[in-house]
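Below is one structure, written out as structure tokens; comments come after it.
The values are calculated or read from the model by the stated rules, or taken from the named source; none is laboratory data. Remember, it's a predicted structure, so these values are computed and weren't measured experimentally. Neighbour counts run over all protein chains shown; Cβ positions are idealised from the backbone, glycine included. Quick note on the areas: whole protein, heavy atoms, side chains included, nothing else; ligands and nucleic acids left out. Shrake-Rupley method; radii C 1.70, N 1.55, O 1.52, S 1.80 Å.
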Amino acid sequence: MADTTRSLYDTVADTYACVLPDLRAEAASDLELIYRFGRMVPAGESPVLDAGCGTGRVLPYLASLGLAPLAGIDLSPAMVAHARRHAPDARIAVAPLTALPFPDAGVRGILCWYAIIHSTHAEVAVIAEEAARVLVQGAPLLLAFQAGTGDHFVPRAYGHDVSLHAVLHEPDDIAAALTSAGFQIVATDRRDPLSVEKHGQGFVLAVRAKATEA
Ligand SMILES: C[S@@+](CC[C@H](N)C(=O)[O-])C[C@H]1O[C@@H](n2cnc3c(N)ncnc32)[C@H](O)[C@@H]1O
């Protein structure tokens, strides 16, 4: 799946950057949730990570919330090239969600905005474990994804001759995976699709439990 996902986003990266240059397509409630996440990030010098940062369109908003230093990772080198232009002060690397290039407890917060949409539930469990490994105790993790069950297939993604296969997730299933990995759930949410969206959207906000709370 990772090779297919990397190839997909390498193909569509330039178009993605044009179609979704920033967060103007997001619902106001989505931005409020990211703001809430930002308020939960503990003070410190380690980075806040945009995991699956894509073209980096969320990074300027995270910077505006005072969350620097920022970091990003993504599977797709073409998406990462955009992200480096978008957020020149952030440390951005090509890496998978399942093997984050950070030491244990080396990250103060993780935003994972529509990056698990190509991952199966079993893969999400691994991603949750990896997020728990790199997060400081008490630090927040916010995930956004398309909500539901089953798959979503687009034969021509972003107008290119390449198909997109996405996996829908139920917020309660994501919350269960996070709980198993040592997170405490702060909020789960689901909203109706905006006019340009095909599916409802799911969100889970959690914190890395402190050792005595796990
Ligand atoms: C729909 S885009 C979202 C990008 C960005 N977060 C945004 O909101 O614009 C999904 C991104 O997640 C990345 N991605 C998907 N699965 C990944 C994985 N297992 N590891 C790292 N990146 C992944 C893709 O390469 C792609 O850039």
Inset, instruction - Summarise the accessible area of the chain (1.4 Å probe, protein heavy atoms) by the percent that is carbon and sulfur. - result: 53 percent
Inset, instruction - Given the peptides 38-49, 184-195, 63-74, arrange them by the average over their residues of other C-beta atoms within 10 Å, most packed first. - result: 63-74, 38-49, 184-195
Inset, instruction - Convert each backbone phi in region 13-24 into a coupling constant with the Karplus relation 6.51 cos²θ - 1.76 cosθ + 1.60 (shift: θ = phi - 60°), then list the ³J(HN,Hα) values in order as whole Hz, x for Gly and Pro. - result: 3, 5, 5, 4, 5, 6, 6, 10, x, 7, 9, 5
Legend entry - In order through region 167-179: 3J(HN,Hα) via Karplus (6.51 cos²θ - 1.76 cosθ + 1.60), integer Hz, x for Gly, Pro: 10, 7, 10, 7, x, 5, 5, 5, 4, 5, 5, 5, 4
Inset, instruction - List every residue whose amide H lies under 5 Å from the amide H of Phe183, counting only residues 5 or more places away in sequence or on a different chain, with H placed 1.01 Å from N in the peptide plane. - result: Ala209
Inset, instruction - Estimate the FRET efficiency between Val186 and Leu65 by the formula 1/(1 + (r/R0)^6), using the beta-carbon distance for r and 22 Å for R0, to the nearest 0.05. - result: 0.80
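May I ask you to give the solvent-accessible area per residue for region 40-96, in square angstrom, as obtained with a 1.4 angstrom probe?
On the way: 2250 Å² over 57 residues.
About 39 Å² of surface per residue is accessible.
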Legend entry - Rounded to 5, percent antiparallel among DSSP beta bridges of the chain: 55 percent
Legend entry - Point-charge dipole on Cβ atoms (K/R +1, D/E -1) for region 58-181, about Cα centre, debye to 20: 520 debye
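Please list the three semi-axes, largest first and in whole Å, of the ellipsoid equivalent to region 2-208, using sqrt of 5 times the eigenvalues of its alpha carbon gyration tensor. Before the final figure, lay out the partial values.
Working: eigenvalues 108, 78, 55 Å².
Semi-axis lengths for region 2-208 are 23, 20, 17 Å.
May I ask you to derive the relative contact order of the chain, considering only C-alpha pairs under 8 Å and at least 6 residues apart, and to give it as an integer percent?
Computed over the chain, the figure is 18 percent.
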Inset, instruction - Pick out, from Leu178, Val154, Ala43, the residue whose Cα sits farthest towards the positive end of the charge dipole of region 2-208, with +1 on the Cβ of Lys and Arg and -1 on the Cβ of Asp and Glu. - result: Ala43
Legend entry - FRET efficiency, Ala122 to Glu32 (Cβ-Cβ, R0 41 Å, nearest 0.05): 0.85
Inset, instruction - Could you give the size of the charge dipole of the chain about its Cα centre, using +1 on the Cβ of each K and R and -1 on the Cβ of each D and E, expressed in debye and rounded to the nearest 20? - result: 440 debye
Inset, instruction - Evaluate the distance, in nm, between pseudo-label points positioned 7 Å from the Cα of Arg39 and of Asp172 along their respective Cα→Cβ axes. - result: 2.8 nm
Inset, instruction - Only helical DSSP H runs with n ≥ 4 go in: add -39500 (n - 2.57) per run for the chain, normalise by residue count and round the 222 nm mean residue ellipticity to 500 deg cm²/dmol. - result: -10500 deg cm²/dmol
Inset, instruction - Please list 196-209, 133-146 highest first by mean number of surrounding beta-carbon atoms within 10 Å per residue. - result: 133-146, 196-209
Legend entry - Inverse mean reciprocal Cα-Cα distance (Kirkwood Rh) of region 1-59, Å: 13.6 Å
Legend entry - Cα centroid separation - region 1-65 against region 152-202, whole Å: 15 Å
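Over region 1-101, what relative contact order in percent results from Cα pairs under 8 Å that are six or more residues apart? Can you show the working numbers first?
On the way: 140 pairs, mean separation 28.9, N = 101.
Worked out over region 1-101, it gives 29 percent.
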